[in-house]
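Just below is one structure, and these are the notes that go with it.
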Amino acid sequence: MNQNNVLYIDLERKSFYIKNRSDLFNKWLGGVGAALQLYKEEAVKGSDLLSPGNVIVFAVGPLTALYPLASKVVAVFKSPLTGNYGESHAGGRSATAIRSAGYDALVIKGVSDRPIYLIIGEKGVQFKDAATLWGMRSTFTVGRVLREASPGTGVRTIMRIGRAGENLVRYACVVSETYRHFGRMGLGTVFGSKKLKALVIHGKSSIRLPKIKAYRDVYDEIYDLAVKSGSMKKYHELGTAMNILPINTLGALPTKNLSEARFDGAENISGEDLAAKKLGRRVACSHCPVACIHLATIREPYPDEPYFYKTTFVSYDYELLYSLGSMLGISDINGLLKLMDEVEIGGLDAISTGVALAWATEAYKKGLIKLNDLLVDLDWGKADPYREAVKLIVDQPNEFYKALAMGVDHSSKIYGGRDFALSFGGNEMPGYHTGPAAHIGYLIGSRHSHLDAAGYSIDQKMKGLSPEEMVDKLIEEEQWRQILSSLVICYFARGIYEPSIVKKALDVLGYEFDEERLKELGRCIYREKQALKASEGFRPSELRIPERIFEVPSFHGLIDKNYMKAALDHYSKIFNKTVATE
Amino acid sequence: MKRLVIMDAERCVGCQLCMFACSRRLGFAGLDKSALHVKSVGGFERGFTVVVCRACMDPPCLRACPVNALRARDGGGVILDLSKCIGCRFCERACDIGAVFWDDSMNKPVICVHCGYCVDYCNFRVLGVEEMIRR
């Protein structure tokens, strides 16, 4: 543990080696900082997205398995969805498992000649035949089989892809511990392109800490902040679903492909209603006392057999309630949960899937696509046809679904409807129409995600910022988040892991980082990311703003085009300067 | 004497903070010094099993030890004398509930001493400490 070891895996040769990379971790801490460098070292520049030249890097950080809420893994890869830098974070037991197996990072390269899965432990890698797992309808079943077939119960992660990944849907996810995901940007697609069905990583090694009293003190301080301070209350109680009603009240909940920003049915899909009527169990990632993972239950009778029921558990979060709920006008909670379940079964990113279906519905209603393209009669609020459409995205039986499986940016180039194709930098829109900061954030964030810099939060807290001030704020936040994701902290705990706490936590472990050095490192990682994006062809001038966001009032009222343009101009200057100096 | 008890395993969220606490008690960060174990019943949706020593009054693990490395603890359970243990794993096999864990790095068993340190880190009141009633 904490030996700065990187496990390099070559899927083509079915070989591996372990190398000490203290050079890397001493400089970049770990997590995204280290993963970015490993990606740069190993990926073949400019290579085709789904070719052997694409590389997957997983990394944990120096606090992983040592402190509460340092519970995530960062994956870095080239995104098959955006065609550029890809990054995705997930929890479950993945972080603890990687660290306890003795690794700080994994590099996976090459393409296997046949479907395989890997069992990774303290002694290295076993390459296992996945011919039987390939093509299984449900990611749940794959997990069930691998639970029985692999060692390390309780101290392992089982990451797997669904058929969406196998069939190269560009927004396929990787599922970990059934209910957590490397959701965005198509990591599951890269797995699929490498014929890599699953990774089982297990281990339970530990390290002796030299300053044990000091370590326990800092641990207790963080633990108390997590469970007593109230800062995690919303995640603890209703979970992220608690945001549905407030965001709807603000007039910021994208509804029916953002033709509206308030949803009549919000009450029915709210965290409050779900908790009262559907919540069946709460579970946690390893080393997280918050337990934000909320599982709803659907109890369904079998139509062909009296007194015969099945009970299904479905993980819900704000992002899914938005993308598969309000965005599709669905307020029937049972229908919505079953739709979410189908997305989980196939192994798709829920946000991209919902936004793709929302675009398809509007394009259909406007006559841009026909019923014989769509094969099902999509209509706002009707969950069953959407569930069928999810299966069709996975199967891609015709040209239309082949296009939709590439994302809305691609589909709208072929079928039209660009103005309401809600994609930013190639990534489908997250669930916040709060105002300009949210949208600028999607555009300029390194991974075009609301998590890059949380513009939705700036929109809710601040008014009257100039475009330049807003961009500067977003970049400053994104830079600090590079430290959080190098450590690798769950962003929900960002209010706990303030610079002073991070410094304390690192001090005990023997790292010499004062607050200024941490911030400088964050700026440096940010610049490295921007430079990497530039080298892969990203140009701010080519960013497209969907017209739709200007047509529907946000929490800040109608968004001003000139304001957005000024913000992007300011960002372009910063980007060009950054790229020129890197 | 007190013993550690599972108050209600249905409340367990699987965070494993108890396991981390147990290793931390001994000065380690990680899981391999932990004398209790949390695993899913068969998928997270089914809930969790928490395995820990029940503080038997007549411990099978003690009876299985060929070198007297385990002695009876007042109030139930056992105390391990590391210097006598030869790492034969008989105790591990003797425990029906699987509460004798194995520290691979030392090749020695790990058995709960019922100190209750983990209880303070269980945010969901799965774990508790109770006074042992002599049966």
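The values are calculated or read from the model by the stated rules, or taken from the named source; none is laboratory data. Please read all numbers here as calculations on a predicted model, not as lab measurements. Backbone-built Cβ (ideal geometry, glycine too); neighbour counts: all protein chains shown.
Which one is nearest to the other protein chains (Cβ to nearest Cβ) among residues in region B:45-87 that are of a type outside the set (Asp, Glu), assigned to a helix (DSSP H, G or I) and more than 17 Å from B:Trp102 (Cα to Cα)?
B:Arg46
Looking at A:Ala266, A:Ala296, which is the one that is touching a residue at least 24 places away in the same chain (Cβ under 8 Å), more than 10 Å from every other protein chain (Cβ to nearest Cβ), in contact with a helix residue (DSSP H, G or I) (Cβ under 7 Å, 6 or more places away or on another chain) and surrounded by fewer than 23 Cβ atoms within 10 Å (Cβ to Cβ)?
A:Ala266
Quick one: A:Glu237 ticks every box in (1) more than 12 Å from chain B (Cβ to nearest Cβ); (2) in contact (Cβ under 8 Å) with a residue 40 or more places away in the chain; (3) surrounded by fewer than 21 Cβ atoms within 10 Å (Cβ to Cβ) except a single one, so which number is it?
For A:Glu237, the failing item is (2).
Which pairs do you get when a residue that is of a type in the set (A, V, I, L, M, F, W, C), found in region A:565-579, comes within reach of a residue that is crowded, with 16+ Cβ neighbours inside 10 Å and not in a helix (DSSP H, G or I), reach meaning Cβ atoms under 7 angstrom, with the pair 6+ apart or on two chains?
What qualifies is A:Leu568/A:Leu543.
Being surrounded by 17 or more Cβ atoms within 10 Å (Cβ to Cβ) and more than 7 Å from chain A (Cβ to nearest Cβ) is the filter; apply it to region B:21-44 and report the residue that is farthest from A:Leu509 (Cα to Cα).
Once the filter is applied, the top-ranked residue is B:Ser40.
Take A:Gly154 and decide whether it is within 25 Å of the chain's Cα centre (by Cα), part of a loop (DSSP other than H, G, I, E, B) and modelled with pLDDT under 95.
yes
Regarding A:Leu348, is this residue buried (at least 23 other Cβ atoms within 10 Å of the Cβ) and in contact (Cβ under 8 Å) with a residue 24 or more places away in the chain?
For A:Leu348, the condition - buried (at least 23 other Cβ atoms within 10 Å of the Cβ) and in contact (Cβ under 8 Å) with a residue 24 or more places away in the chain - is met.
Please state which of the following conditions A:Glu221 fails to meet, knowing it meets all the rest: (1) of a type in the set (D, E, K, R); (2) within 14 Å of chain B (Cβ to nearest Cβ); (3) under 23 Å from A:Tyr491 (Cα atoms); (4) buried (at least 24 other Cβ atoms within 10 Å of the Cβ).
Tallying (1) of a type in the set (D, E, K, R); (2) within 14 Å of chain B (Cβ to nearest Cβ); (3) under 23 Å from A:Tyr491 (Cα atoms); (4) buried (at least 24 other Cβ atoms within 10 Å of the Cβ), A:Glu221 fails exactly one: (4).
Inside region A:150-183, can you point out the residues that are within 23 Å of A:Phe313 (Cα to Cα), among the hydrophobic types (A, V, I, L, M, F, W, C) and away from every other protein chain (no Cβ under 12 Å)?
A:Met159, A:Ile161, A:Ala164, A:Ala172, A:Cys173, A:Val174, A:Phe182, listed by residue number.
Checking the condition over 25 Å from A:Ser231 (Cβ atoms) and not small (Gly, Ala, Ser), which residue from A:Leu484, A:Leu443 passes?
A:Leu443 is the lone residue from the list that is over 25 Å from A:Ser231 (Cβ atoms) and not small (Gly, Ala, Ser).
Exactly one of these conditions fails for A:Ala383: (1) more than 19 Å from the chain's Cα centre (by Cα); (2) at positive phi. Give me its number.
So the condition that A:Ala383 fails would be (2).
Residue-by-condition table, conditions (1) more than 19 Å from the chain's Cα centre (by Cα); (2) over 23 Å from A:Ser352 (Cβ atoms); (3) crowded, with 20+ Cβ neighbours inside 10 Å; (4) within 14 Å of chain B (Cβ to nearest Cβ):
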{"site": "A:Thr249", "(1), (2), (3), (4)": "yes, yes, no, no"}
{"site": "A:Leu253", "(1), (2), (3), (4)": "yes, no, yes, no"}
{"site": "A:Ala276", "(1), (2), (3), (4)": "yes, yes, no, no"}
{"site": "A:Val283", "(1), (2), (3), (4)": "no, yes, yes, yes"}
{"site": "A:Ser286", "(1), (2), (3), (4)": "no, yes, yes, yes"}
{"site": "A:Ala291", "(1), (2), (3), (4)": "no, yes, yes, yes"}
{"site": "A:Tyr309", "(1), (2), (3), (4)": "yes, yes, no, no"}
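Hey, can you tell me all the residues within region A:56-84 that are more than 14 Å from every other protein chain (Cβ to nearest Cβ), closer than 21 Å to A:Asp10 by Cα and touching a Ser or Thr at 6+ places or on another chain (Cβ under 9 Å)?
A:Phe58, A:Ala59, A:Val73, A:Val74, A:Ala75, A:Val76, A:Phe77, A:Lys78, A:Ser79, A:Pro80
Might you check whether a residue that is touching a residue at least 60 places away in the same chain (Cβ under 8 Å), within 14 Å of another protein chain (Cβ to nearest Cβ) and not hydroxyl-bearing (Ser, Thr, Tyr) occurs anywhere in region A:108-122?
Scanning region A:108-122, I find at least one residue that is touching a residue at least 60 places away in the same chain (Cβ under 8 Å), within 14 Å of another protein chain (Cβ to nearest Cβ) and not hydroxyl-bearing (Ser, Thr, Tyr), so the answer is yes.
Which residue out of A:Leu258, A:Leu324 is touching a Lys or Arg at 6+ places or on another chain (Cβ under 9 Å) and away from chain B (no Cβ under 14 Å)?
A:Leu258
Is one or more of the residues making up region A:507-523 surrounded by fewer than 18 Cβ atoms within 10 Å (Cβ to Cβ) and touching a Pro at 6+ places or on another chain (Cβ under 6 Å)?
yes
Exactly one of these conditions fails for B:Thr49: (1) closer than 18 Å to A:Arg282 by Cα; (2) free of Cβ contacts under 8 Å to residues at least 24 places away in the same chain; (3) among the β-branched types (Val, Ile, Thr). Give me its number.
For B:Thr49, the failing item is (2).
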